[in-house]
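The values are calculated or read from the model by the stated rules, or taken from the named source; none is laboratory data. None of these values were measured; they are calculated from a predicted model. Using ideal geometry, Cβ is built from the backbone for each residue, glycine included, and neighbour counts are taken over all protein chains shown. Note: areas computed on protein heavy atoms with side chains; ligands, DNA, RNA excluded. Shrake-Rupley method; radii C 1.70, N 1.55, O 1.52, S 1.80 Å.
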Amino acid sequence: MALILPFRAVRPRREFVAEVASYPYDVISSEEAREIVKGNPLSFLHVTKAEVDLPADIDPYDARVYERARQNFEEMLKKGVLFQDETPCFYVYRLRRGEHEQRGVGACVHIKDFEEGRVKKHEMTLPDKREDRRRHIDVVDAQTGPIFLTYRRREEVSRVVEEIMKEKEPEYDFVSRDGVSHTLWVVKDGEDVGMLARALKDIDAMYIADGHHRAASGVAVAQMRRRDGQSRGLYLPHNLILAVLFPDDELQVKGYNRVVKDLCGMDEGEFIARLEKGFLVEPDYRERTPKKPHEYGMYLKGRWYRLRVKEGTYPADDDMESLDVSILQKNVLSPILGIHDPSGDPRITFVGAAKGVEELERLVDSGQYAVAFALCPPTVEEMMRVADTGRVMPPKSTWFEPKLRDGILVHLLAEDRK
């Protein structure tokens, strides 16, 4: 069974949480982060994207960025903006936007669950992004944002979570700038901690919904510290990975869209002619966003098209190869546009659906990109089935909404830091 453990989180004092809580580091650019932190010295982006406090032309992977992140984090602790809980706790974290609500448990998951396959991945990761977070975790000596995990619903976990939410007062309750309500209950009473721990112990498989790079980097730091001769004690902090676990039936998944810089030497007519071998290409697609599998929205030269996959052009009985992200990669991106390795090819960029199709139009209309594709997302069950087989989807296959916030829960890799 999995080792899902309470821990002593570093977190904001209640009066500062709304200012501290920030977007995950990997969903906004450095330029967007610089705008967000203007007038807000407490934003946790000063830690997770510390280039905002350095010259605008600095490489975000420069060693000075990681050192500045460490300094900023230490300063927030020193000033009392952040503090560490005295005893190991669980944290019930509820996200709400509109009619959607999901309730998770903040905890630490042991590295052995990652190494031995009880935590399952469904996407490839990008080498430079893995190295970025590895260096960030190692230099700051902390995991500064949680991995978003899911599991097949366990009624006992849901029952205990509901009871805690009903009987306890929340520690935090605020609405972030994107309209998401964030509510957190600190589970510190010994009886409640034990009750939740017993419920969680029956979870035998977890799936990374969001945070593949954080997960890979957290594991890499723990393994690196073992090789460097640090203690291998089972429960030492560097062997534990920060996560929030949500039941699968409460998640909301959206598409992850693609934009490509050029048409690989083709003009518009040649490109569409090649597409027509595997797709029905219909111009003037007013909806722009596909509503069912095996359809795509494509934006090219100021015009939207609907692409419908022709039968027989993909293996319909293969859980992974029949996914829209796989069909696009194998039938368009690789053979037509020459993008054989989307994890490392600078000609392709991934755009989360939360930014809307307007962002795809903006990027193409700017001239920086030639074509954009809007995708229908896979379901959570499809994602888990692929992960269960040990295979991985193309990078950036899923976009889960709403997002957790960085800075609300931090896991230190040292025993104490005050």
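Under the convention that each Lys and Arg Cβ holds +1 and each Asp and Glu Cβ holds -1, the size of the dipole of the range 44-124 around its Cα centre is about 380 debye. Taking the Cα centre of the range 187-278 as origin and assigning +1 to Lys and Arg Cβ atoms and -1 to Asp and Glu Cβ atoms, the resulting dipole is close to 640 debye. Taking the protein heavy atoms of the chain in the context of the full set of protein chains, the accessible area attributed to carbon and sulfur is 47 percent at 1.4 Å.
Here the alpha carbons of the range 153-273 define both size measures, Rg and Dmax, at 21.7, 68 Å. For the chain, the dipole from Cβ point charges (+1 on Lys and Arg, -1 on Asp and Glu) about the Cα centre works out to 440 debye, to the nearest 20. Taken along the Cα-to-beta-carbon direction at a fixed 7 Å, the label points for D284 and D128 span 4.2 nm. Computed over protein heavy atoms with a 1.4 Å probe, the accessible surface of the chain works out to 43 Å² per residue. Take every Cα pair under 8 Å whose residues are at least 6 apart in sequence, average their separation, divide by the length of the chain, and the relative contact order is 25 percent. Taking amide H as placed 1.01 Å from N in the peptide plane, the amide H of V187 sits under 5 Å from that of F90, Y91, V92, each at least 5 places away or on another chain. The range 274-296 and the range 297-353 have their alpha-carbon centroids 11 Å apart. Across the range 210-222, coupling constants 3J(HN,Hα) worked out from phi with the 6.51/-1.76/1.60 Karplus curve, θ = phi - 60°, read 8, x, 4, 6, 4, 4, 4, 6, x, 5, 4, 5, 4 Hz, and Gly and Pro carry x. Farthest toward the positive end of the dipole of the chain, out of P315, V139, P24, is the Cα of V139, where the dipole comes from beta carbon charges about the Cα centre. For trypsin sites (Lys or Arg not before Pro), the sites in the range 251-290 that DSSP calls loop and that have at most 16 other Cβ atoms within 10 Å are K277, R286. Shape analysis of the range 39-107 based on the Cα gyration tensor places the equivalent ellipsoid semi-axes at 29, 18, 12 Å, largest first.
Treating each Cα of the range 80-139 as an identical point scatterer and summing with the Debye formula, the log10 of I(q)/I(0) at q = 0.12, 0.16 Å⁻¹ comes to -0.57, -1.00. The alpha carbon centroids of the range 1-38 and the range 238-273 are separated by 23 Å. Among the listed pairs K49/K121; K78/K355; K129/K261, a Cα-Cα separation exceeding 27 Å is found for K78/K355. In the range 1-155 the Cα-Cα distances spread across 5 Å bins starting at 0 as 2, 8, 14, 19, 20, 17, 13, 6, 1, 0, 0 percent of all pairs.
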